[in-house]
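The structure appears below as structure tokens.
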Amino acid sequence: MSYKRTLVTCALPYANGPVHIGHLAGAYIPGDIYVRYLRMRGEDVLFICGSDEHGVPITIKARQQGVTPQDIVDKYHKVMKDAFTGLGINYDIYSRTSSQVHEKNAAEFFRKLYDQEDFITQESEQLYDEEAKMFLTDRLIEGTCPKCGNPHAYGDQCEKCGSTLSPEELLDPKSKLSGSTPVKKKTKHWYLPLDKYEPWLRDWILEQHKEWKTNVYGQCKSWLDGGLQPRAVTRDLDWGVPVPVDGAEGKVLYVWFDAPIGYISNTKELLPESWEKWWKDPETRLVHFIGKDNIVFHCIVFPSMLKAYGDYILPDNVPSNEFLNLEGDKISTSRNWAVWVNEYEAEFPGCEDVMRYVLTANAPETKDNDFTWKDFQSRNNSELLAVFGNFVNRAVVLTHKYFDGAVPQNLKPQPIDQETLEALKPCREAPTSARP
């Protein structure tokens, strides 16, 4: 099918810390390369991104630092936005999910599905911190892993052995807020019944999108073969988009229901009068660039939400790279084992394109790859300086040898020579960040 335009999104980075090179290699540089390619072809394209600013990790960091969640997201929204700009990644809009436009849009989205009776409600017992007077999400619970004995496992995962856990499995669970032992307390939440959309998802993904990357297609097939279950779309928190229905006091939209709607909100913010042609016209192609840890949300959860709503287009492709490791070890923000983009730009001014080149040449497209400073040095010196420098040197040497060091005139240039010279003129005049 031919399309009139292409809407490209990059996964909204989480605003509780800076962007690192793993993020760049996974989603942001690939997305930027694709957008540059489309624009060089003269195609109509819109490039959307922004900060994901709700969820538990932000509230935890705010408590640790004695500030408000808004203080945290304000800080890192600017850090991330500046980092992208410094790398020449120029979104048409880089907004945020704490904006008024998004709060209104996300609430309206939930309300429409609620009014259509697309949700189901379930009451369950969840762990509650009596001292902090709040329900605890999985990441707010810490205890001993029953499989490896790690005393600092989370309520959803042990980072030491990689096991997936539930809070009930932890030995001696404690609240990360107060250190007290949590108790069970009943609460009610709204769920999107993904099992209802499973037959449609099977046809849409497994039959209509066999061209998707192997890792994306395979992970979706694995989820579908395992059987989908209803997924909560609300949480007991005081930071986020309030659930816009009676009886939902103290509840907000779950961040993975809230965040992907941010793509739509950011488009509305940029183009309040014409946003619908980018989201509701079948002649628009929607492409999400993401990391592999976001596959289920962008290929199963968000499409189900869009399908339930009724008149939105669906993603045509969801390219996802694998992970990038650092010096043979998994990048970890909690251990500060990462190359932070803002720090790189400060330490290596003027070398932003070198990092872009290295991460593109070593992109983890089909398997996890490793970034090392030795490889970074080698690629810079051998591939960029040596190869490109040799080209320049040969041109200068031959100019001296055959033309006495002066650029010759009237050499009967061919059409391709003229086209090349004309294409170079705007590149010389444009600022570095705007160059293709």
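Annotations
- Members of the range 74-109 found to be out of contact with any Pro (no Cβ under 6 Å at 6 or more places or on another chain) and over 27 Å from ASN342 (Cα atoms), listed by number: GLN100, VAL101, GLU103, LYS104, ASN105, ALA106, GLU108, PHE109
- Candidates GLU131, GLU123, GLU108, GLU159, filtered to the one that is of a type outside the set (A, V, I, L, M, F, W, C), outside any helix (DSSP H, G or I) and closer than 23 Å to GLY247 by Cβ: GLU123
- So TRP279, is it open to solvent by 30 Å² or more (accessible area, probe 1.4 Å) and touching a residue at least 24 places away in the same chain (Cβ under 8 Å): no
- When restricted to residues that are assigned to a helix (DSSP H, G or I), surrounded by fewer than 22 Cβ atoms within 10 Å (Cβ to Cβ) and either charged (D, E, K, R) or at pLDDT below 95 (or both), the range 1-39 contains 2.
- Count of the range 133-149 residues which are more than 14 Å from PRO57 (Cβ to Cβ) and open to solvent by 20 Å² or more (accessible area, probe 1.4 Å): 8
- Cβ-Cβ under 6 Å pairs, at least 6 apart or on other chains, the range 119-137 side small (Gly, Ala, Ser), far side surrounded by 12 or more Cβ atoms within 10 Å (Cβ to Cβ) and not in a strand (DSSP E or B): ALA132/LEU177; ALA132/SER178
- Boolean, ASN342 is modelled with pLDDT of 95 or more, over 18 Å from GLY17 (Cβ atoms) and either open to solvent by less than 20 Å² (accessible area, probe 1.4 Å) or not β-branched (Val, Ile, Thr) (or both): no
- Residue in the range 369-380 that is open to solvent by 20 Å² or more (accessible area, probe 1.4 Å), over 21 Å from the mean Cα position of the chain (by Cα) and at positive phi present: no
- Unique residue being surrounded by 13 or more Cβ atoms within 10 Å (Cβ to Cβ) and over 22 Å from PRO13 (Cα atoms) when the list is GLN122, GLN126: GLN126
- Filtered residue count, the range 42-78, keeping only those that are in a loop (DSSP other than H, G, I, E, B) and surrounded by 21 or more Cβ atoms within 10 Å (Cβ to Cβ): 3
- If you check GLY262, GLY240, GLY291 for being on the phi > 0 side of the Ramachandran plot and touching a strand residue (DSSP E or B) at 6+ places or on another chain (Cβ under 8 Å), only one passes: GLY240.
The values are calculated or read from the model by the stated rules, or taken from the named source; none is laboratory data. Given the structure is predicted, the values throughout are model-derived calculations rather than measurements. FYI the Cβ positions are ideal-geometry reconstructions off the backbone, even for glycines, and counts take in every protein chain you see. Accessible surface areas use protein heavy atoms only, side chains included; no ligands, DNA or RNA. Shrake-Rupley method; radii C 1.70, N 1.55, O 1.52, S 1.80 Å.
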